[in-house]
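Everything on this sheet refers to the single structure shown next.
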Amino acid sequence: MATNTAQAVLSPSEASASGRLLRIAICGRHLDDLRQRLQRFPMVLVDSDPDLVISYGGDGALLGAERDWPGIPKCPIRDVRRNPKCSLHGEDQVLDMLFEGRLRRSLLARLLAEGPGGAQLSAINDVIVSKGSISSAVRTRIRLDDEVFQAQNVGDGLVVATPFGSTGYFQSITRGCFRVGIGLAFNNPMNWLDYVVVHEDTVISVEILRGPALFLADNNPARFNLKDGDRLTVRRAEEPTLAYGIDVFRCRDCYRLRENGV
Ligand SMILES: [Zn+2]
């Protein structure tokens with residue numbers, strides 16, 4: 001997750017100051033709860049051209065919001081029914097912070113994955129190349145900016161992650177995460193290399209030497225098959241996605257209240 005600030009088209013605090021209603025789209029679960037809490041703010045709920053999308057739920061809700069509204073500013077809020085909150089982060093408190101301009105802004109890097117035949121997916125967490133057959137390893141050749149990085153990787157596949165997504169599947173594989181760049185984690189590789197983190201402008205190419213394999217992105221249900229000789233490229237998108245309150249969304253005090261499945 002980057003910590004730079006960026007200009008939104010219309011920020012919640014600017015909307016409040018100007019008297020213009022903020023156009024908000026919402027998605028997730030228990031949305032009636034959120035609608036009720038939003039009633040006291042200068043906003044209108046819309047299904048098109050939102051200034052802001054509030055995802056209400058967990059990480060999956062945020063990923064779904066980005067899939068449905070790519071590049072539109074996001075504010076992820078965990079629903080209180082499933083996610084107890086620390087004393088600083090009750091939902092009304094967080095919504096006050098949002099409309100008063102007190103929620104920290106972050107820029108979420110996006111990855112674009114392009115496969116054969118025009119297959120395209122984007123991700124704010126990760127792009128995954130997986131073996132297509134549960135009984136067979138996948139053999140890949142990895143290039144970084146057209147330079148061969150691994151002539152042959154044999155394993156269950158790999159994960160290409162953003163800093164934001166590096167606390168997910170990437171971390172499960174590597175036991176670590178990163179703050180800048182793009183990370184590649186190799187899933188059960190036969191050689192010694194578990195992962196590498198490269199510059200954010202690196203173009204990553206994955207050639208399938210022996211499949212079958214498939215690629216997917218975030219929690220998008222779409223799957224694309226990759227056969228022998230196919231290439232997948234992954235690069236950073238030009239425009240990141242502005243997000244409000246990622247630090248609140250990932251607050252350690254809130255996390256401790258739910259980590260035991262509360
Ligand atoms: Zn908290």
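Any read-out appearing in this document is the output of simple, stated calculations on the displayed coordinates, not a laboratory observation. Not measured: the values here are computed from a predicted model. Glycine also receives a Cβ, built like all others from the backbone with ideal geometry; neighbour counts cover every protein chain displayed.
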Residues whose placed amide H lies under 5 Å from that of Phe224, excluding near-sequence neighbours: Phe215
Can you compute the equivalent ellipsoid semi-axes for segment 178-250, i.e. the square root of 5 times each eigenvalue of the Cα gyration tensor, sorted largest first and rounded to whole Å? 26, 17, 14
Out of Ala243, Ala119, Ala161, a Gaussian network model of the chain with alpha-carbon springs under 10 Å gives the largest mean-square fluctuation to Ala119
Once both label points are put 7 Å beyond Cα along the C-beta direction, the Ser135-Asp228 separation in nm becomes 1.8
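Using r as the Cβ-Cβ distance of Val44 and Arg252, and R0 as 41 Å, what FRET efficiency do you calculate, to the nearest 0.05?
Working: r = 34 Å, r/R0 = 0.84.
So the FRET efficiency works out to roughly 0.75.
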Sticking with the crude label model, points 7 Å out along Cα→Cβ, report the distance from Gln36 to Asp201 in nm, one decimal please. 5.2
HN-Hα J couplings of segment 18-27 from phi, Karplus 6.51/-1.76/1.60, θ = phi - 60°, integer Hz, Gly and Pro as x? 8, x, 6, 6, 6, 8, 10, 9, 10, 8
Counting alpha carbon pairs within less than 8 Å and at least 6 residues apart, what relative contact order, in whole percent, applies to segment 111-236? 31
For a test of the definition: using alpha carbon positions, the gyration tensor, and the 1.5 limit on a/c, classify segment 111-236 as rounded, prolate or oblate. rounded
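With the radius of gyration and the Kirkwood radius both derived from the Cα set of the chain, what is their ratio Rg to Rh?
Using only Cα positions, Rg/Rh for the chain is 1.01.
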HN-Hα J couplings of segment 179-195 from phi, Karplus 6.51/-1.76/1.60, θ = phi - 60°, integer Hz, Gly and Pro as x? 10, 9, x, 10, x, 10, 10, 9, 8, 6, x, 7, 8, 7, 8, 8, 7
Report, by chain and number, residues whose modeled amide H sits under 5 Å from the one on Ser11, excluding near sequence neighbours (fewer than 5 apart, same chain). none
Convert each backbone phi in segment 101-117 into a coupling constant with the Karplus relation 6.51 cos²θ - 1.76 cosθ + 1.60 (shift: θ = phi - 60°), then list the ³J(HN,Hα) values in order as whole Hz, x for Gly and Pro. x, 9, 7, 5, 9, 10, 10, 8, 5, 10, 9, 10, 10, 10, x, x, x
I want to verify a result. In a Gaussian network model of the chain, Cα cutoff 10 Å, which of these has the top mean-square fluctuation: Leu22, Leu88, Leu209? Leu88
Write down the percent of antiparallel bridges among all DSSP beta bridges whose residues are both part of the chain, to the nearest 5. 80
GNM, the chain, Cα, under 10 Å: largest mean-square fluctuation among Asn191, Asn83, Asn219? Asn191
Taking the alpha-carbon distance from Lys85 and a cut-off under 30 Å, which lysines remain once sequence neighbours fewer than 8 residues away in the same chain are dropped? Lys74
Residue order, fewest to most beta carbons within 10 Å, for Ile173, Ile204, Ile134: Ile134, Ile173, Ile204
Once you have the Cα-Cα distance between Arg82 and Val180, take 0.36 nm times their residue separation minus that, and quote the gain in nm to one decimal. 32.2 nm
Note on the chain: contact order normalised by length, alpha-carbon pairs under 8 Å, 6 or more apart, percent, works out to 22
Gyration tensor (alpha-carbon) shape descriptor, segment 134-188, a/c threshold 1.5: oblate
